[in-house]
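Asks: Handing you a structure now.
The values are calculated or read from the model by the stated rules, or taken from the named source; none is laboratory data. For clarity, every value in this text was computed on a predicted model and none was experimentally measured. For neighbour counting, all protein chains shown are included, and Cβ atoms are generated from backbone atoms with ideal geometry for every residue, glycine included. Surface accessibility is based on the protein's heavy atoms, side chains included, excluding ligands, DNA and RNA. Shrake-Rupley method; radii C 1.70, N 1.55, O 1.52, S 1.80 Å.
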Amino acid sequence: MSVGKRRTFFADYSLIPTTPWIALKEVCNMLKKLGLEGWFAAHFAYGIVQIVFIPMLMPSFILARTGSATQAGLAMAVFGMLVLLRRLLVRWLINSKLTDMHSYSV
């Protein structure tokens, strides 16, 4: 056997960032070049949760616990109605005497 360079999965280790901070800095620089800022990621993450994870995980969790697809559908219907009515519910909570949140606007 020859004593030389070992073959590795990665061709060049210099392409791999040595710390996560370097990778994060490179991602932030790339986003700034595209005209995007880091706080946009929060809205993106919320959208992914609302559009992907809730419709996938909530019915499967309820179906696994109860064994009834009807109850999973009812839970999704209630969740959907609450999403549609949330603005009215928040206004009602702000205007009610139960809370002291009159300084907030909706």
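Asks: If the requirement is being at pLDDT 85 or above and surrounded by fewer than 10 Cβ atoms within 10 Å (Cβ to Cβ), which of these qualifies: GLY80, GLY73, GLY67, GLY35?
Replies: Result of the check over GLY80, GLY73, GLY67, GLY35: GLY67.
Asks: Still on this model: If the Cβ limit is 9 Å and pairs must be 6+ apart or interchain, which residue in segment 72-97 that is closer than 20 Å to MET56 by Cβ pairs with which residue that is aliphatic (A, V, I, L, M) and open to solvent by 70 Å² or more (accessible area, probe 1.4 Å)?
Replies: Close Cβ pairs (under 9 Å, with a partner that is aliphatic (A, V, I, L, M) and open to solvent by 70 Å² or more (accessible area, probe 1.4 Å)) amount to ALA72/LEU63; LEU82/LEU89.
Asks: Let me ask you something else. I'm trying to understand the selection: among the residues of segment 43-64, which are open to solvent by 90 Å² or more (accessible area, probe 1.4 Å) and β-branched (Val, Ile, Thr)?
Replies: The one that is open to solvent by 90 Å² or more (accessible area, probe 1.4 Å) and β-branched (Val, Ile, Thr): ILE51.
Asks: If you don't mind, there's one more thing I want to ask. Which is modelled with pLDDT under 80 and among the polar types (S, T, N, Q), of SER14, SER60?
Replies: SER14
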